Amino acid sequence: MTQPYDLAIRAGSVYADGEWRSAVVAVRDGVVALIADHDEDVPAHVTVTLPEGQVLIPGVVDSHVHVNEPGRTEWEGFTTATRAAAAGGVTTVVDMPLNSIPPTTTVEGLAVKRAAAEPQASVDVGFWGGAIPSNLGALEPLWREGVFGFKAFLAPSGVDEFPHLSGSELLEAMQEIASFDGLLIVHAEDPEVLERSENHGGQDYRAFVASRPDLAEEDAIAHVIAGVRATGARAHILHLSSARALDQIRAAKAEGLPLTVETCPHYLAFSAEHIPDGATQFKCCPPIRDEANRDLLWDALLDGTIDLIASDHSPSTAELKFKGNGDFQEAWGGISGLQLSLPAVWTAARERGIPLDRVIGWMSEGTSALVGLTGVKGSITAGAAADLVAFAPEESFAVHAEALEHKNKVSAFDGRTLRGVVHTTWLAGDVVHALGAEGAVGDAQRVPGGKLLTRSTN
């Protein structure tokens, strides 16, 4: 007789193996062990039947998260960030090598980061390494320790301990990374263009956008593409905001160059025309641009030019975010979007008639592919991690920043009504978030169950 499964989730609509079906998903030892027909009898120690209106989807894999711990834990930390992730249906985060102190640019720095994360994580956590001038020639040891790739800035990062690479240093990093088939991920803004575009700042949002023009992204991405062509290194463009760079990206992909691209929820949900002067909660770099630009980003997602969507969760203290009393030049540039990324993207996609499975493709499958975790994360398929989300796509909710799990209660989405409510999040078959009184996960029950991921995770 077959031993009962640990968990069985029955739902009228499950996105499994790339299609929607009525099914039962059975879990054993933290992985999906069986996907059976909805009416099949599947014995389990715990059986959950999703009510009408909820669908079962894979957990989101967010490959672009700044947790900031240690060193700037007052900005965010692993406890608050991973709780926010779980509440938003995100079951895996990959942490950026800044703005923590020390940055993740050495094996020793990686060990410090892992030691901070392990006892606190409510979801699974992986790590990016960093490529800065001082560690060029010493990237491979970090790769062997399991980082998923190396982040580089082409313009000042905003923090002194993570300097940017010059043009020659970028090429040097790409040659080194190509030698062990690593991955370079790039904040692509050109410093010379930014220097020429400097202005006096102030509360005028249009002036802020003018200080970080499309050309900064276009020129920097051109440098990355040239480096890929010269070295064969795999490269990924982070947080694309400018649609004017799309033609060269399309050409590079048509050439067969190993280049991938992401954009972010805030570039897809907001437009410059609707950002009030002085509203520095919307400040990010590169900036949110106009409506026509936003439409072109959506088109590029649909045609595959842009591969994926990640949050670029980049929080700070409220004091830094509103520094200068609405002066965009003074305020910290970053948007806290981790908990709201899935509903924010789904809300905007739904308005455009884009189905939920495309959103899953960009936010779960595409991000998993970027970090080499296809078949392990980001899909409901036999043998994959049982990272599952009960999601109500037609339910709506009003965002109240004070109710978010993020350490600092600042959100560009504050006051907006979003579609898509995360009711339950399972990590390896265990509940890490539950909405509502019945079965809710309270503070006393929140036992961190996330594990640390490496590039060799299987």
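The values are calculated or read from the model by the stated rules, or taken from the named source; none is laboratory data. As the structure is a computational prediction, the values presented were derived from the model and not from experiment. Every residue, glycine as well, gets a Cβ built from its backbone with ideal geometry; the counts of neighbours run over all protein chains shown. Just the protein is used for accessible areas: all its heavy atoms, side chains included, with ligands, DNA and RNA removed. Shrake-Rupley method; radii C 1.70, N 1.55, O 1.52, S 1.80 Å.
Does the range 367-385 contain at least one residue that is over 13 Å from the mean Cα position of the chain (by Cα), surrounded by fewer than 23 Cβ atoms within 10 Å (Cβ to Cβ) and of a type in the set (Lys, Arg)?
Scanning the range 367-385, I find no residue that is over 13 Å from the mean Cα position of the chain (by Cα), surrounded by fewer than 23 Cβ atoms within 10 Å (Cβ to Cβ) and of a type in the set (Lys, Arg), so the answer is no.
Check Arg352, Arg358, Arg416 and return the single one that is surrounded by fewer than 20 Cβ atoms within 10 Å (Cβ to Cβ) and in contact with a strand residue (DSSP E or B) (Cβ under 8 Å, 6 or more places away or on another chain). Explain how you work it out, then say what you get.
Working: Arg352 fails: in contact with a strand residue (DSSP E or B) (Cβ under 8 Å, 6 or more places away or on another chain); Arg358 fails: in contact with a strand residue (DSSP E or B) (Cβ under 8 Å, 6 or more places away or on another chain).
Every option except Arg416 fails the conditions.
Where in the range 169-282 are the helices (runs of 4 or more DSSP H), entirely inside, with at least 3 residues that are touching an Asp or Glu at 6+ places or on another chain (Cβ under 7 Å) and not aromatic (Phe, Trp, Tyr)? Don't jump to the end; show me each part of the working.
On the way: elements: 191-196, 205-211, 214-231, 246-254, 265-269.
It comes to 214-231.
What number of residues within the range 96-119 satisfy the criterion of being closer than 23 Å to Ser368 by Cβ and in contact with a helix residue (DSSP H, G or I) (Cβ under 7 Å, 6 or more places away or on another chain)?
The number of residues fulfilling the criteria is 3.
Given the criterion buried (at least 24 other Cβ atoms within 10 Å of the Cβ), within 25 Å of Ala178 (Cα to Cα), under 21 Å from the mean Cα position of the chain (by Cα) and at pLDDT 95 or above, identify the matching residue among Gly89, Gly59, Gly149. Full working, then the answer.
On the way: Gly89 fails: within 25 Å of Ala178 (Cα to Cα); Gly59 fails: within 25 Å of Ala178 (Cα to Cα).
Only one candidate passes the filter, namely Gly149.
Only one of Pro119, Pro97, Pro70, Pro141 is of a type outside the set (Lys, Arg), modelled with pLDDT of 95 or more, more than 27 Å from Ala403 (Cα to Cα) and surrounded by fewer than 24 Cβ atoms within 10 Å (Cβ to Cβ); which?
On the way: Pro119 fails: more than 27 Å from Ala403 (Cα to Cα); Pro97 fails: surrounded by fewer than 24 Cβ atoms within 10 Å (Cβ to Cβ); Pro70 fails: more than 27 Å from Ala403 (Cα to Cα).
When all the criteria are applied, what remains is Pro141.
So which residues in the range 100-116 are open to solvent by less than 10 Å² (accessible area, probe 1.4 Å) and either of a type in the set (A, V, I, L, M, F, W, C) or farther than 29 Å from Leu427 by Cα (or both), if there are any at all?
Residues of the range 100-116 open to solvent by less than 10 Å² (accessible area, probe 1.4 Å): 100, 104, 109-110, 113.
Matches in the range 100-116: Leu110 only.
Taking only the range 220-266 into account, find how many residues are under 21 Å from the mean Cα position of the chain (by Cα) and at positive phi.
1
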